[in-house]
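Here the structure is laid out as C-alpha cells; the discussion comes afterwards.
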Amino acid sequence: MRSFLLDALFKGKATIAPPGPDAAALEQATRALGERARRRLGRSLAIREIDAGSCNGCELEIHAVSNPVYDIERFGLKFVASPRHADVLLVTGPVTWNMREALLRTYNAAPEPRWVVALGDCAVNCGVFAGSPAVVGPLADILPVDLHVPGCPPPPLEIVKALLALIEVQAARG
Amino acid sequence: MSAALPLVDLVGDRAAGPDGYVRLAVDVDTWTALAQGCAAGLHDLGALWADGASMRMALSDGDRGVRAIASLETESGRYPSVARRHPPALRLERAMRDLYGVQPVGLPDPRPWLDHGRWPGREDAARYEFLPAEGEGLHQIPVGPVHAGIIEPGHFRFTANGETVVRLEERLGYVHKGVEGLMAGASVEQAARIVGRISGDSTVAYAWAFARAVEAALGWTPPPRAVLLRGVMAELERLAHHINDVGAICNDASVVTIHARCTLQREDALAVSDACFGHRLMMDRVVPGGVAADLSAEGIGKIRGLVARFEETHAEILRVYDSLPSLQDRTITTGIVSPELVRQYAAGGFVGRATGRAFDARKTFAYAPYDRLDFEVKVRTGGDVDARLLVRMDEIGESLRMLSQLLGRLAPGEISAGRPSVAAGEGAALVEAFRGDVFASVRFAADGRLARVHARDASWFQWPLLEAAVEGNIVADFPLCNKSFNCSYSGHDL
C-alpha cells in the first residue's frame with residue numbers, strides 16, 4: 001500500500017490535462033437547450049447510467065471515464081445510484097422491448113429538469129442491431145434526447161468532451 | 001429411462017471434421033442416452049441449440065480429447081428434453097423454445113426465459129412467478145433490472161433470513177437483441193460485426209470463434225502472421241479484463257486504492273491496443289480469413305513496454321492484496337462453488353478453474369497459436385471469491401509470458417487470405433475468452449450466406465452457479481460474489 005503512495009509522489013499524476021468540450025456536442029446541447037428552457041443546475045451534474053440493451057462495450061468505456069486518467073469527477077460530473085438524484089440519464093444500447101418499461105420507469109423517476117444523452121451508435125441509431133424485432137428503436141423514438149454521442153463504443157475522451165458540453169451550456173444559461 | 005451412453009463409445013473411430021467436431025445424426029434413444037451421459041458425468045454438455053427442424057447438442061470429453069455435435073430431427077419441433085435428465089440444459093432449452101418454438105418434452109420448468117411477454121405480436125401480461133421460498137422470518141429483496149452501478153441489466157430476487165441469503169433466483173433476458181435472427185441470411189461480413197457485439201467485453205474472442213467456425217466450414221486458411229496476431233489481441237483482451245475484475249472485486253470490499261491502480265493498468269492496456277490495432281477494444285479486428293489490422297514494429301515495442309509495466313503492477317497488486325487481512329476476510333470462504341456443481345455444469349473460465357476444473361480451451365482443445373505456446377492452465381481449489389481473484393492473477397502472469405512468445409515469433413507476411421469459392425458447409429469452434437470458453441457454430445446456405453449462427457457464452461453455465469455460490473452468504477457479500485463471477489448479460493441474453 002505504501003508503494004502506491006510513493007508512486008503517486010515520485011511518478012506524478014496519471015491524470016491527463018482537462019480537455020475542452022466537444023464542438024459538435026456543444027452545438028447540439030445549445031440547440032437542445034434553446035428548444036427546452038431549463039433551470040440552472042450549476043457546474044455540476046449527477047448522471048444515472050442506464051443500459052437499455054447494450055453489448056456492454058459502452059459500459060466499459062463509461063467505466064473508463066472514472067479512472068484516474070480521465071477522472072470525470074474533477075469536472076463536477078458524478079455517477080449516482082438512483083435516478084432520483086440524477087440530472088442526466090446516460091442511456092446505451094438499442095432499446096430492447098424487454099428493457100423498454102424499465103427505461104421509462106427510470107426516466108420517470110428522475111426529477112425535472114433532466115437531460116437525456118444517447119451514448120453509442122446503438123442508442124443513436126440501433127447500430128448493428130437495427131431491424132431486429134427484439135429492438136424497439138433508437139432512443140429518440142422513446143425519450144426526448146438532448147445529446148447524441150456516436151461511436152462503437154465512443155472512447156472515454158469523447159464521452160468526457162460531450163458531457164463537458166452539457167456543463168458549459170448549462171452554466172451559460174444560468 | 002435409457003442408460004447413460006458415453007460419448008467416446010458413440011464416436012468410436014469416426015473421423016472429426018476440420019474443426020475437430022465429429023458430427024453425429026442420432027435418434028431419440030441415443031439423444032436421451034447422451035443426455036443421461038451428461039448427468040452421469042461421462043462427458044460435458046457444451047451447447048444446445050435449434051437449427052431448422054433439428055436440435056443440436058455439442059458434447060465433449062476433455063480427458064479423451066473427443067468432441068461431437070449430435071443432431072436430432074425433431075417431430076414438428078418436439079424432442080425429449082435434455083434438462084429433464086441434466087439440469088444445466090434448462091435455461092438453454094427454455095431460451096430455444098422462446099426463440100424458435102421447439103418443444104422440449106418433459107422440460108422441468110415451463111416458464112419462459114428470454115421471452116418477457118413484450119415482443120410485438122407476442123405480448124403476454126402473465127406475471128413471471130419466482131420460485132417459492134417460505135418460512136418464518138423470510139423476506140424478499142428484488143434487485144434490478146436497473147442496478148445501482150454501471151452494469152448490465154438483470155433481475156435478482158433474493159430471499160433472505162435476516163442478513164443471510166437463503167435463495168437467489170436470477171431472471172435474465174432484458175438485453176435480448178435478437179442477434180441470431182439478425183445473422184440468419186446475413187453475409188459473412190455483416191455477421192462478423194454482429195458477433196463482435198454479442199458481448200462487447202469479449203469481442204476479440206467472439207470474433208475469433210466465429211472466424212474459426214467460418215474458416216472450418218469453407219476450408220479457409222488464415223496466414224500464420226494473422227493467427228499469431230489473433231493470439232496477441234486475445235491475450236491483450238484477457239489482461240485488460242482480468243486486471244479490471246481484480247480491481248472491481250477489491251472495490252466492492254472498499255479497497256479503492258487497488259481498484260484505482262487496476263483501472264490505471266487497464267487503461268494502459270486499452271490505450272496500447274488502440275495504438276497498435278486502431279480500436280481500444282479491438283472490435284472488428286479479427287475477421288474470417290485473418291485479421292483486419294497489422295502490427296507495426298513500433299506496435300511490438302509498445303506491447304513489450306505494456307508487458308513490463310503490467311508485470312510490475314501484477315507483482316505490486318499481489319503484494320498489497322496479501323498484506324490486507326481485512327480484504328481477505330471478505331474474499332476467503334465467501335461465495336464457495338462446489339466441485340460437484342462445477343463438474344455438472346462444466347463451468348469454464350475462472351469459475352471452473354478456481355474450483356479445480358482444469359479446463360481451458362487453449363489447452364484442452366488447443367488451437368493455433370496456443371498449440372505451440374509454453375503456458376500452464378492455472379488451477380486453484382478454494383472455489384471462493386479469493387480463488388477466483390487469484391486464478392485471474394495467475395492467468396495474468398501466463399498471458400504476459402504468452403505475449404512475449406507471440407511477439408517473438410511474428411515474421412513478416414500476409415495478414416489475411418482471400419475467401420475460397422466453396423459456398424456451403426458447417427463449422428464450429430471453441431475459443432477461450434477471458435471469462436471462459438465461447439462456442440460458435442455456423443451453417444452456410446447454398447448461396448454463400450449464413451443460414452444459422454449460434455454462439456454460446458461461458459456465462460450460460462456460470463450464472464446458475466452464482467445462485468448456488470451466494471446461498472448462505474450475507475446480502476452484503478453478493479456484490480463481491482457477483483464481481484468474482486462477472487458473467488455477461490448480453491452474451492447470455494443473445
Exercise for the section: Enter the per residue convex hull volume of segment B:36-77, computed from alpha-carbon coordinates, in Å³ rounded to the nearest integer. Expected result: 63 Å³
Completion exercise
Counting every C-alpha pair in chain A, the percent lying more than 27 Å apart is 26 percent
Completion exercise
The ratio Rg/Rh over the Cα atoms of segment B:405-482, Rh being the Kirkwood inverse mean 1/r radius, stands at 1.21
Handout entry: Candidate lysines for bridging to residue B:378, where Cα separation is under 19 Å - those fewer than 8 sequence places away on the same chain excluded
Key = B:363
Exercise for the section: Check the straight Cα-Cα distances from residue A:11 and name the aspartates and glutamates below 19 Å, setting aside those fewer than 8 residues away within the same chain. Expected result: A:71, B:267, B:268, B:311, B:312, B:316
Fill in the blank from the handout: Long-range amide H partners of residue B:292, meaning residues 5 or more apart or on another chain whose placed amide H is closer than 5 Å, are B:286, B:287
Completion exercise
Nearest-0.05 FRET efficiency for residue A:6 and residue B:54 at R0 = 51 Å, using Cβ-Cβ distance, is 0.20
Problem - Percent of Cα-Cα distances greater than 39 Å, calculated over the protein assembly as shown - result: 29 percent
Handout entry: Those aspartates and glutamates that a straight Cα-Cα span of less than 13 Å connects to residue B:177, excepting residues fewer than 8 apart in one chain
Key = A:51, B:115, B:493
Completion exercise
The residues B:363, A:11, sorted from fewest to most surrounding Cβ atoms within 10 Å, come out as A:11, B:363
Fill in the blank from the handout: Dividing the alpha-carbon radius of gyration of segment B:207-340 by 2.2 N^0.38 Å, where N counts its residues, gives 1.28
Practice task
Assign one of three labels to segment A:44-143, namely rounded, prolate or oblate, based on the Cα gyration tensor with a ≥ b ≥ c the square roots of its eigenvalues; rounded applies when a/c is under 1.5, prolate when it is not and a/b is larger than b/c, and oblate otherwise.
Solution key: oblate
Handout entry: Sequence of B:54, A:66, B:421 once ranked by neighbouring C-beta atoms within 10 Å, starting from the fewest
Key = B:421, B:54, A:66
Problem - Column: log10 I(q)/I(0), Debye, Cα scatterers of segment B:115-249, q = 0.11, 0.12, 0.20 Å⁻¹ - result: -0.67, -0.76, -1.22
Exercise for the section: Answer rounded, prolate or oblate for segment A:118-159, using the Cα gyration tensor with square roots of eigenvalues a ≥ b ≥ c: rounded when a/c is under 1.5, else prolate when a/b is larger than b/c, else oblate. Expected result: oblate
Completion exercise
Note on chain B: contact order normalised by length, alpha-carbon pairs under 8 Å, 6 or more apart, percent, works out to 18 percent
Handout entry: Prolate/oblate/rounded label for segment B:353-477 (Cα gyration tensor, a/c 1.5)
Key = oblate
Practice task
For segment A:7-14, just list the computed ³J(HN,Hα) in residue order, Karplus coefficients 6.51, -1.76 and 1.60, θ = phi - 60°, integers in Hz, with x standing in for Gly and Pro.
Solution key: 4, 4, 6, 8, 8, x, 7, 8
Exercise for the section: Report, by chain and number, residues whose modeled amide H sits under 5 Å from the one on residue B:46, excluding near sequence neighbours (fewer than 5 apart, same chain). Expected result: B:58, B:59, B:60
Practice task
Rounded to the nearest 500, what is the 222 nm mean residue ellipticity of chain B from helices alone, with -39500 (n - 2.57) per DSSP H run of 4+ residues and division by all residues?
Solution key: -12500 deg cm²/dmol
Completion exercise
Per the rule of 0.36 nm per residue minus the C-alpha distance, extending residue B:136 to residue B:311 adds in nm 57.8 nm
Practice task
Just the number, please: Stokes-Einstein D of segment B:363-427 in µm²/s, Kirkwood Rh from C-alpha pairs, 25 °C, 0.890 mPa s.
Solution key: 162 µm²/s
Fill in the blank from the handout: Applied in sequence order to segment B:345-359, the curve 6.51 cos²θ - 1.76 cosθ + 1.60 (Karplus, θ = phi - 60°) yields integer Hz couplings, x standing for Gly and Pro, of 7, 6, 5, x, x, 5, 5, x, 5, 7, 10, x, 8, 7, 9
Exercise for the section: Convert 37 °C to kelvin, take the viscosity as 0.692 mPa s, use the Kirkwood radius over C-alpha pairs of segment B:251-405 as Rh, and evaluate the Stokes-Einstein diffusion coefficient in µm²/s, rounded to a whole number. Expected result: 189 µm²/s
Problem - Principal axis dimensions, largest first and in whole angstrom, of chain B by Cα - result: 65, 59, 45
Exercise for the section: For segment B:250-255, take each phi angle, set θ = phi - 60°, evaluate the Karplus expression 6.51 cos²θ - 1.76 cosθ + 1.60, and give the result in whole Hz per residue in order, putting x for glycine and proline. Expected result: 5, 4, 6, 9, 6, 9
Exercise for the section: Using just the helices of chain A, give the 222 nm mean residue ellipticity in deg cm²/dmol: DSSP H runs with n ≥ 4 each add -39,500 (n - 2.57), and the total is spread over all residues, rounded to 500. Expected result: -11500 deg cm²/dmol
Handout entry: Kirkwood hydrodynamic radius of segment B:35-133, from inverse mean 1/r over distinct Cα pairs, in Å
Key = 14.6 Å
Handout entry: residue B:425 long-range amide H proximity, modeled H, under 5 Å
Key = B:444
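Throughout, read-outs are computed from the coordinates displayed, never taken from laboratory work. Note that this is a predicted model, so its numbers are computed, not measured. Cβ atoms come from the backbone with ideal geometry, glycine included; neighbour counts cover every protein chain shown.
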